[in-house]
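To start, the structure itself, in structure tokens.
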Amino acid sequence: MRLARAALLFHRQASKLLPFRSALGRCSHLSAPLTWISTTRRSHPAALLHVPAAATAAAAMPSGELPAALQGLQPEALWRFFGELSKIPRPSKHEGRVLDWLKSFADERGLEWQQDSVGNIVIRRPGSGGGEAAPPVIVQGHIDMVCEKNADVAHNFMADAIRLVRKGDWIAADGTTLGSDNGIGVCAALALLDLPQSEELPALECLFTVDEETGLTGAFQLDGTMLHGRTMLNLDTEDWGDVFIGCAGGGDSVLRLSLEQEEVPAGYTALDIQVKGLLGGHSGINIHEDRGNAVRMAAATVEAGLAAVPAARLVDVRGGDKRNAIPRECSTTLAVPTAQVPTASDAVGRRFASFQQEYGLKEPGLSIMAAPAAAPPAACLAPAAAQQLVDLLLSLPHGVIKHSHAVEGLVETSTNLASIKPLAAKVAAGGAGGSPKAAFAVQCSTRSSLMPALEQVRSTIMRIGRLCGAEVEQDDAYPGWAPDPSSAIVKLTADTIGRITGKAPEVKAIHAGLECGIIGEKLPGLDCVSFGPTITGAHSPDEQVRISTVQHFWHATLDILHQLARRR
């Protein structure tokens, strides 16, 4: 998850955290605790355990040389694995090829692995170099990635390798998301498993979870019996030098509208409207920046067009993609009397100008363009139905709902109007003579560190949906990760990172979802911390990872494990 400056600093005056602040010494900012909510433990069939007879001489990795962008980078093993991982398509819910790769990795090194029913894999490495008697340590990351690309980029995330590009001290992708979230953490775990037996390490249980980005499915359905360690390093945060010990919870809402259609009148021209060029970004970490939302902009543009040309008809709206990404692009089509196309186009232009005035400094790449289509569509929404859809999109909340009263700058509650997608057309009641209906699904993703506040916003979304005639489906909210002020692993991690960076790390909780709280419910007594290299632009084609911080992150991970190897 993208963990940027919106992270929550621990509150100085929170009395229950004072002993922790004293223990950490130089960590001067402490946050108010996040709410913990429980989920029902699920039963699992026995996990598949595989113990290879012996290691083979060499690891069979995906074919091809190290990408040019990664050549010469250190640590060599971590970047080599990242180059190989980048060749394997791994959208959420389609991680099968990566799972096969991980199994082969373990088999070829004689390492035991175990897989649960949802697909999560644990690869085990015995303690070595004097750490044989230390308690086992869990090293955790997720193997799926957010798949976003620029509209003008040809890329099939189900088949194509990520094209890596080096830009000074940064590694990025060519017009797509990079997958450093959480690929760098995953490859750090592989590099640990690949270290020689002379390395001082405790027993490692490297946990690779599936489908984190679209619902935390792997964490929710994890078979906790596969894991014996009670100390966990989560390598899925993205601000090098900071230490994370808490996160917000969240839940999704899907609103489905079934709307009356009618034939497009004769003498109409289709006007295609494109909203694009927005920054987008992570719906938790970037939500406080007031970035533009393409779905809302498209709805407002449609409203302006219909007001300027009352005879115009709305045909379609589609935009956004991922539940945890602020929508960057949205397209819509109006059917307009041919003689009034210039009037509708002028209305679009005026709405664009108003958005430029409102967002121009934040969104310099914003573009809203209207162009006649080659042929008019056969059907459009009835006027009342179009108003229903526009009302819904412009009434649903989006952005920061509330900042914390206890911690300055803390986003406590937010919600993201994530996407609108057409569904298969339905037939209205009345048998064979029934008229076809258009159907749309609108998705919202809500986050909060306070679960009552989270559910209040979701209740508001449900009421708005019902008022606009939508069917509303809401999943069970997932728990936040409650900070533990007495955590031994947090103090050790903060001290270690402080030595490497030469300054005291900030100890934070974040307005985003991590798997730590959910995994902690499966493993009573789990002591957990999260850290990682610097990654910017996660969940968008602007994603990039800072090369120099990857090496520091690796050294910190090794140092922490060296210290844990001496524990008894």
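The values are calculated or read from the model by the stated rules, or taken from the named source; none is laboratory data. All values derive from a computational prediction rather than experimental measurement. Because the Cβ atoms are built from the backbone with ideal geometry, glycine has one as well, and the counts that use them run over all protein chains shown. Each accessible area value is taken on the protein alone, full model and side chains, heavy atoms only, with ligands, DNA and RNA left out. Shrake-Rupley method; radii C 1.70, N 1.55, O 1.52, S 1.80 Å.
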Does the stretch 532-548 hold any residues that are open to solvent by 10 Å² or more (accessible area, probe 1.4 Å), more than 11 Å from T237 (Cβ to Cβ) and among the polar types (S, T, N, Q), and which are they? T536, Q544, S548
The lone exception for S283 - which of (1) open to solvent by less than 10 Å² (accessible area, probe 1.4 Å); (2) modelled with pLDDT of 95 or more; (3) within 20 Å of the chain's Cα centre (by Cα) it fails: (2)
Unmet criterion (only one of (1) more than 26 Å from F220 (Cβ to Cβ); (2) modelled with pLDDT of 95 or more; (3) open to solvent by less than 10 Å² (accessible area, probe 1.4 Å); (4) out of contact with any Pro (no Cβ under 7 Å at 6 or more places or on another chain)) for V529: (1)
Can you run down the residue pairs with Cβ atoms below 7 Å, 6 or more apart or on separate chains, where the first is in the stretch 157-181 and without any contact (Cβ under 8 Å) to a residue 24 or more places away in the chain and the partner is of a type outside the set (D, E) and open to solvent by 40 Å² or more (accessible area, probe 1.4 Å)? D174/R163; D174/V165
Strands (runs of 3 or more DSSP E) fully within the stretch 170-249 counting 1 or more residues that are farther than 20 Å from L78 by Cβ: 231-234, 243-247
Which of the residues spanning the stretch 240-280 are among the aliphatic types (A, V, I, L, M) and open to solvent by 10 Å² or more (accessible area, probe 1.4 Å)? V254, V264, A266, L279
Of the residues in the stretch 128-175, those that are open to solvent by 60 Å² or more (accessible area, probe 1.4 Å), of a type in the set (D, E, K, R) and at pLDDT 95 or above come to E132, R163, R166, K167, D174
For the stretch 523-548, give me each residue that is of a type outside the set (A, V, I, L, M, F, W, C) and under 30 Å from E329 (Cβ atoms). G532, P533, T534, T536, G537, H539, S540, P541, D542, E543, Q544, R546
If I filter the stretch 391-420 down to residues being farther than 18 Å from A509 by Cα, of a type outside the set (A, V, I, L, M) and part of a loop (DSSP other than H, G, I, E, B), which single residue comes out as least open to solvent (accessible area, probe 1.4 Å)? P397
The correct count of residues that are touching an Asp or Glu at 6+ places or on another chain (Cβ under 8 Å) and either surrounded by 13 or more Cβ atoms within 10 Å (Cβ to Cβ) or modelled with pLDDT under 95 (or both) in the stretch 360-390 is 12
Of the residues in the stretch 451-472 that are of a type outside the set (D, E, K, R) and within 21 Å of the chain's Cα centre (by Cα), the one that is farthest from V254 (Cα to Cα) is M451
Show me the strands (runs of 3 or more DSSP E) found entirely inside the stretch 482-568 where at least 1 residues are more than 23 Å from L193 (Cα to Cα). 507-510, 544-546
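Conditions tested, residue by residue: (1) free of Cβ contacts under 8 Å to residues at least 24 places away in the same chain; (2) closer than 25 Å to R567 by Cα; (3) touching a Gly at 6+ places or on another chain (Cβ under 6 Å).
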{"site": "Q197", "(1), (2), (3)": "no, yes, no"}
{"site": "E200", "(1), (2), (3)": "no, yes, yes"}
{"site": "A203", "(1), (2), (3)": "no, yes, yes"}
{"site": "G215", "(1), (2), (3)": "no, no, no"}
{"site": "F220", "(1), (2), (3)": "no, no, no"}
Would you mind stating whether K508 is open to solvent by less than 30 Å² (accessible area, probe 1.4 Å), in contact with a helix residue (DSSP H, G or I) (Cβ under 9 Å, 6 or more places away or on another chain) and of a type in the set (K, R)? no
For the stretch 70-98, which positions are surrounded by fewer than 17 Cβ atoms within 10 Å (Cβ to Cβ) and under 19 Å from D211 (Cβ atoms)? P91, K93, H94, G96, R97
Which of (1) farther than 23 Å from G532 by Cβ; (2) of a type in the set (D, E); (3) in contact with a His (Cβ under 6 Å, 6 or more places away or on another chain) is the odd one out, the single condition E212 does not satisfy? (1)
